[in-house]
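Any read-out appearing in this document is the output of simple, stated calculations on the displayed coordinates, not a laboratory observation. Quick caveat, the model's predicted, so the values are computed rather than measured. Methodologically, a virtual Cβ is constructed for each residue, glycine included, from the backbone with ideal geometry; neighbour enumeration extends over all protein chains shown.
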Amino acid sequence: MNSLSHRVALVTGASRGIGAAIAIALARSGAHIVVNFRERADAANTVCNEIIRMGQRAIAVQADVSVAADVKRMVAKIETDLGRIDILVNNAAIARPRKLEEITEAEWDEVLRVNLKSVFLVTQAAVAGMRERRWGRIINLSSVAAQTGGAVGAHYAASKAGIIGLTRSCASAFVKSGITVNAIAPALIETEMVTSNPNASPAMIPMGHFGSVDDVASIAVMLATNEYMTGQTVSVNGGWYMS
């Protein structure tokens, strides 16, 4: 239960949904947690309070992780308040359900910036310390949309496919430094993002129901504790896509 004792985990977009569930699950395994949020301070503090009640340390840090200056400020605060980042979960994302012909250039740029550029920026900022200590776990949240096209749109699918490519590149680059890099590709997990999407239906899933945030969080804990798995994409999708 305490296999991650004394490790510090940063989870981006962790004020709700999958990010919050991963933050709490990592805390249950002994990690201290940084709950990153962009707008929902009250929700982020609620997640922190739950973690603190477990006996772990937790801080909420506001930052738009698609902006380099915000990322730099966030990492500096983490290092001051909690110390090094051992585990990074790149979870922050947005969805703008649109047909291809309806996507504007501004929407395309926004989705790619928030969903993909943020993974690059935060990984770049966190990996130097991991290399120095020769230990690190990076877990990137992709999506079944990268594998099937999904139910959001081409902009979202492209951003999540980019995450898989970035995951493989980083895994190869960091493999000699004691750092593993893996991705999780969920499908239609019961979160606000999914339930607010009129195109998302449990009927799309062979199992016939949405997944739970805990289904994804358990995989994140496994990847954080596994020492020999890197460059992989773990699908959590109720049988929608099989590889």
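Observations on the model:
- Whole-Å distance, taken between Cα centres, linking the range 115-135 and the range 36-60: 22 Å
- Charge context of GLU190, other residues only, Cβ under 13 angstrom, K/R +1, D/E -1: -2
- Against the chain, whose longest principal axis comes from its Cα atoms, helix 17-28 is set at around 30 degrees.
- For the chain, a crude dipole built from +1 on the beta carbon of Lys and Arg and -1 on the beta carbon of Asp and Glu, taken about the Cα centre, is about 740 debye to the nearest 20.
- Compared with the alpha-carbon gap, the fully stretched path from GLN124 to ALA203 is longer by 24.5 nm at 0.36 nm per residue.
- What the Cβ-Cβ distance of ARG53 and ARG73 gives, at R0 = 35 Å and to the nearest 0.05, is a FRET efficiency of 0.80.
- Prolate/oblate/rounded label for the range 44-99 (Cα gyration tensor, a/c 1.5): oblate
- Take the Cα of ASP109, go 7 Å toward its beta carbon, and the backbone nitrogen atoms of the range 63-89 under 17 Å from that spot belong to 66-68.
- Under 5 Å between amide hydrogens, built in the peptide plane, is the criterion, and for ALA183 it picks out ASN140, GLN232, THR233, VAL234 among residues at least 5 positions away or on other chains.
- Projected label distance in nm at LYS99 and SER243, using a 7 Å step from Cα toward the beta-carbon: 3.0 nm
- Coil-residue GluC sites (Glu not before Pro) of the range 176-242, DSSP, other Cβ within 10 Å capped at 11: GLU227
- With respect to the chain, whose longest principal axis is taken over its alpha-carbon atoms, helix 118-133 is tilted by about 30°.
- Cα-projected label distance for SER212 with SER177, points at 7 Å along beta-carbon direction, nm: 3.7 nm
- Note that the range 92-99 has calculated 3J(HN,Hα) couplings of 4, 6, 10, 10, 10, x, 8, 6 Hz, one per residue in order, obtained from phi through the Karplus relation 6.51 cos²θ - 1.76 cosθ + 1.60 (θ = phi - 60°); glycine and proline are x.
- In order through the range 149-161: 3J(HN,Hα) via Karplus (6.51 cos²θ - 1.76 cosθ + 1.60), integer Hz, x for Gly, Pro: x, x, 10, 10, x, 5, 5, 5, 4, 5, 5, 6, 5
- Rounded is the label for the chain. Its Cα gyration tensor axes, ordered a ≥ b ≥ c, give a/c under 1.5.
- Gaussian network model of the chain, springs between alpha carbon atoms under 10 Å - residue of VAL47, VAL67, VAL111 with greatest fluctuation: VAL67
- Seen against the Cα atoms of the chain and their longest principal axis, helix 68-81 is set at about 40 degrees.
- Counting 0.36 nm for each residue step from GLU190 to ALA158 and taking away their Cα separation leaves a gain of 9.3 nm.
- Residue among ALA128, ALA171, VAL216 farthest towards the positive dipole end of the chain, charges placed on Cβ: ALA128
- Annotation: amide H of ALA58 within the under-5 Å range of ILE33, sequence separation 5 or more or interchain, hydrogens built in the peptide plane.
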